[in-house]
Amino acid sequence: MTNRSYKVRFRTTEVYKGKRGTTYTVRWSVNGQRHGETFKTSAAADSFRATLLVAANNGEPFDQSTGRPVSHAAPAAGTTWYDFALQYVDMKWPRISANNRISTAKALTKATLALLRTEPVQYEGVDVRKALREYAFNKNRRDEAPPEYRAILAWIRRNSLPMSAWEDSKHVDAVLQALDTMLDGTAAAASSAKRYRRILNVVLNYAVRQNVLQCNPMPKGKGENTAPRTSGAVDKRSLLNPQQVAALLAWIAARPRTGHRLTAFFATLYYAGLRPEEAVALRVEDAVLPAIGWGELRVHIAEPEVGSHWTDDGEVHETRDLKGRASGDTRTVPVHPALVVTLRALVARDELKPGDLLFPGEKGGLLAGSVYRRAWAKAREAVLPEYEFKSPVGKRVYDLRHTCLTTWLNNGIPPAQVADWAGNSVPVLLSTYARCITGQTAELQRRIEGPQALPGMPAPSSPAVPRPPATRRSPGRVRWRRAGSDGR
């Protein structure tokens, strides 16, 4: 059934005079479906109405959904969502990190499945998702797709809705629902849903800049279709105390072959607050380790583990500049004397040279995330009591960094200095660790106790129930009345 019609009727332009000015609304209908367009001046309204009249007089069909002549249709009508998504991936690929490439592929996969004319019931769902995520939206592997996945992608191209589908709120709601839910229909993590919405918002802004869409259809402001609320604050329950850290590191140190190396790795996160991807990239020459006292680490690159399919060089790790820093920037972090001793012992035991990795893997390459995460999980299970093991305490290796930064803040290190050492901005640091800052309440209360005191009010040392004025019985003798007594 076509969405075009030649039955166009025009009505008189409506004039509305309000407190904020006068507006002019052009009214017309296409096959009985009413449309309107409001302008601030009568000249603009007359010009728009004349354009529609000329199209109708020339026998041009009108689109029933938009109310516009077909010649006025945006390029969205001739471009499918799938083809536009591929175009976006190719444009964005060289400019974003490997982790961002993965998130983009996942978000586009969800949106593409929601913008099909019909469901691909003839294919297995897992195969359809893999074809999109691992091949179509991965520029490195698109031409390597096996024949069975090529067939799936060809079917998706034929059945993908045009970009004009974004002009229909029904399809927008379907995409948002897909972003917010898991495969089994349960709600997705709020952080994941928010990340996918942010990516899709960038995609649609790109469509507007390319004149494919007239406006971004993503909902803005508060409403039922807005992004779920997320909290970036650290859960205080995830922090470890020194006794727990010491017990965990002692258990890891007893592991054969790599125990001493993993112990030094985890100690670096706990004492220096490095991110795991920053610690694995450290080389011996990046550490200043004096014989006595404090040292320092000069952090200048990160090696996040993302998978060889998403990096430009086919390596599992991607070499990146520091997070939130300019290209080539270096961050200097103080090294606690206890960590200096640990790292000096590691360098001496493994006979490491200045250019060697400080924490190499068993085969000499970068330390794999699966290795240190597995060791940490086993240590938690072996050392922590059952109730602590099942709790959030130290559940992630990253919690060692959270513990370090919280310790710095709680012991009076200025937030600006902590932010500089940690590689964060001050606003992000404070919003992330605000719930973990403790031990300063008494001092802060003391600071404001005097400035907030009011004249004539009881002194801070007064009892809870104030005493009434004294009654003189004789010179030099004062008798106090008890609170609540009649004075007799």
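No lab work stands behind these numbers, since they all come straight from the coordinates. On a predicted model such as this, the values are computed, not experimentally measured, just so you know. Cβ placement follows ideal geometry from the backbone for every residue including glycine, while neighbour counts extend to all protein chains displayed.
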Worksheet item: How high is the FRET efficiency between R158 and K390 when r is their beta carbon distance and R₀ equals 60 Å, given to the nearest 0.05?
Response: 0.75
Worksheet item: Tell me, how many Å apart are the Cα centres for region 331-377 and for region 10-31?
Response: 72
Fill in: Contour excess over end-to-end distance, with Cα ends at V126 and D312 and 0.36 nm allotted per residue
64.4 nm
Response to the item:
Toy charge model, Lys and Arg Cβ at +1, Asp and Glu Cβ at -1: the chain dipole around Cα centroid in debye, rounded to 20, equals 2700
Worksheet item: How large is ³J(HN,Hα) for each residue in region 331-339, as worked out from phi by the Karplus curve 6.51 cos²θ - 1.76 cosθ + 1.60 (θ = phi - 60°), to whole Hz, x for Gly and Pro?
Response: 10, 9, 10, x, 10, 4, x, 5, 6
Response to the item:
Protection proxy (average C-beta count within 10 Å per residue), highest first, orders 364-370, 404-410, 254-260 as 404-410, 364-370, 254-260
Worksheet, complete the sentence: Cross-link reach from K363 to lysines, straight Cα distance under 28 Å and at least 8 residues apart if same chain, gives K323, K353, K378, K395
Worksheet item: Can you give the extra length, in nm with one decimal, that the chain gains between H336 and A382 once fully stretched, where that is 0.36 nm per residue apart less the Cα-Cα distance?
Response: 13.8 nm
Worksheet entry | Compactness index (Cα Rg / 2.2 N^0.38 Å), region 1-158 | 1.49
Worksheet item: Any idea what the alpha-carbon Rg over 2.2 N^0.38 Å comes to for region 236-435?
Response: 1.00
Worksheet item: In degrees, nearest 10, range 0 to 90: what is the angle between the Cα axis of helix 42-57 and the longest Cα principal axis of the chain?
Response: 50
Worksheet entry | In region 333-370, the trypsin sites (Lys or Arg not before Pro) that fall in loop regions by DSSP, at most 16 other Cβ within 10 Å | K363
Worksheet item: Hey, could you pull the Cα Rg and Dmax for region 4-73, both in Å?
Response: 12.5, 40
Worksheet item: How big is the convex hull of the Cα atoms of the chain, per residue, in Å³?
Response: 310
Worksheet item: Which longest uninterrupted range of the chain lacks any GluC sites (Glu not before Pro) assigned by DSSP to a loop state (not H, G, I, E or B) and surrounded by at most 16 other Cβ atoms within 10 Å?
Response: 363-488
Item to complete: Can you spot the aspartates and glutamates whose alpha carbon is less than 17 Å from K40's alpha carbon? Ignore those fewer than 8 places along the same chain.
Response: E14
Practice prompt. Classify region 193-333 as rounded, prolate or oblate from the Cα gyration tensor: take a ≥ b ≥ c as the square roots of its eigenvalues, call it rounded if a/c is under 1.5, otherwise prolate when a/b beats b/c and oblate if not.
Written response: prolate
Worksheet, complete the sentence: Violations at 27 Å Cα threshold for listed pairs K106/K390; K110/K170; K106/K170 -> K106/K390
Discussion item. Can you classify region 78-209 as rounded, prolate or oblate using the Cα gyration tensor, where a ≥ b ≥ c are the square roots of its eigenvalues, rounded means a/c under 1.5, and otherwise it's prolate if a/b beats b/c and oblate if not?
Written reply: rounded
Response to the item:
Phi-derived 3J(HN,Hα) across region 287-295 with the Karplus relation (6.51, -1.76, 1.60, θ = phi - 60°), rounded Hz, x for Gly and Pro, is 10, 9, 10, x, 5, 9, x, 7, x
Worksheet item: Once the Cβ-Cβ distance between K19 and D46 is put in as r, and R0 is 25 Å, what FRET efficiency do you end up with, to the nearest 0.05?
Response: 0.55
Response to the item:
FRET efficiency for N100 and Q452 from the Cβ-Cβ distance with R0 = 35 Å, rounded to 0.05, comes out at 0.10
